[in-house]
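Working notes, beginning with the structure itself.
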Amino acid sequence: MGIAEKTQEPFYDSRAVRMDLLAIDDNDVIYDAEAQKENKGKRFLLRRSRLYQSAIDVNLLEPGEIDFGKMNDVYVIFIAPFDLFGKSKYMYTFRMTCDEVPGLSMEDGAVRIFLNTHGKNDIEVPAGLVEFLKYVENPDRYEKNIQDSRVRKLADQIEMLKNSQEVGVKYMRLWEELDEARREGHESGVAEGFEAERMESIKNLMETMDWPVEQAMNALKVPEAERQKYLDMIKNMNK
């Protein structure tokens, strides 16, 4: 089961963390996958991964639960088009270990993985992972040569979404342009146009993809502070 664009709010009045993709497998292992396009440096990204790990952990147990053994194993995965550690690896996996005793692992169920599309150690990692990272790096170039069935399924689903009139890239670009215009201080006409276009896209996603309203707003990255407005508009339309 996967949940796109999930927001975690661990404590009252604390920083909310918006996650690109949160999923849980049949063994109750949780996976958080994040795309990091810009290289903002090792310090930034490593601490970002720490924040995301803690945001997930604090929500794993019900209030009052004291059996910490019930906490899920959690993998926080960052996918980047650059080599953060400069060792030419496709994958860097980190678990907590003891400084004083080499080889002694904490085994607390927390794992952080950094995937690098520019790796060079093909023989050390699964071929499917290499194909996936090459596809992420340049979808148009590698889409026709995919051999791994899982990567092929992913590519086909992405292509379907790209070709959808309602979910096409032109809509995503329009949101970005209108949002930028609004941030730059253009007056109410632009804001109203933006609101109407976004409302129309929410409806289109709900109808064509059979998505609930929350999932449609997640896909369009509607800010939390504005969501109630669109929920009210949907309710009024259904009266």
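The values are calculated or read from the model by the stated rules, or taken from the named source; none is laboratory data. From a predicted model like this one, the values you see are computed outputs, not experimental measurements. For neighbour counting, all protein chains shown are included, and Cβ atoms are generated from backbone atoms with ideal geometry for every residue, glycine included.
Looking across region 101-136 at every residue that is under 21 Å from F85 (Cβ atoms) and among the aromatic types (F, W, Y), the one that is modelled with the highest pLDDT is identified as F114. Residues in region 78-132 that are over 19 Å from S49 (Cα atoms) and among the polar types (S, T, N, Q): S88, S105, N121. Number of residues in region 121-138 that are under 19 Å from the mean Cα position of the chain (by Cα) and of a type in the set (S, T, N, Q) equals 1. Of all residue pairs spaced 6 or more apart or on separate chains, those with beta-carbon atoms under 6 Å, a first member in region 146-173 that is among the β-branched types (V, I, T) and a second member that is at pLDDT below 75 are V167/L161. Of all residues in region 215-234, those that are under 17 Å from L22 (Cα atoms), surrounded by 15 or more Cβ atoms within 10 Å (Cβ to Cβ) and touching a helix residue (DSSP H, G or I) at 6+ places or on another chain (Cβ under 9 Å) total 5. Checked against the criterion of being out of contact with any Lys or Arg (no Cβ under 8 Å at 6 or more places or on another chain) and of a type in the set (S, T, N, Q), the candidates N39, N116 yield just one match: N39.
Looking at D83, is it among the acidic types (D, E) and at positive phi? The answer is no for D83.
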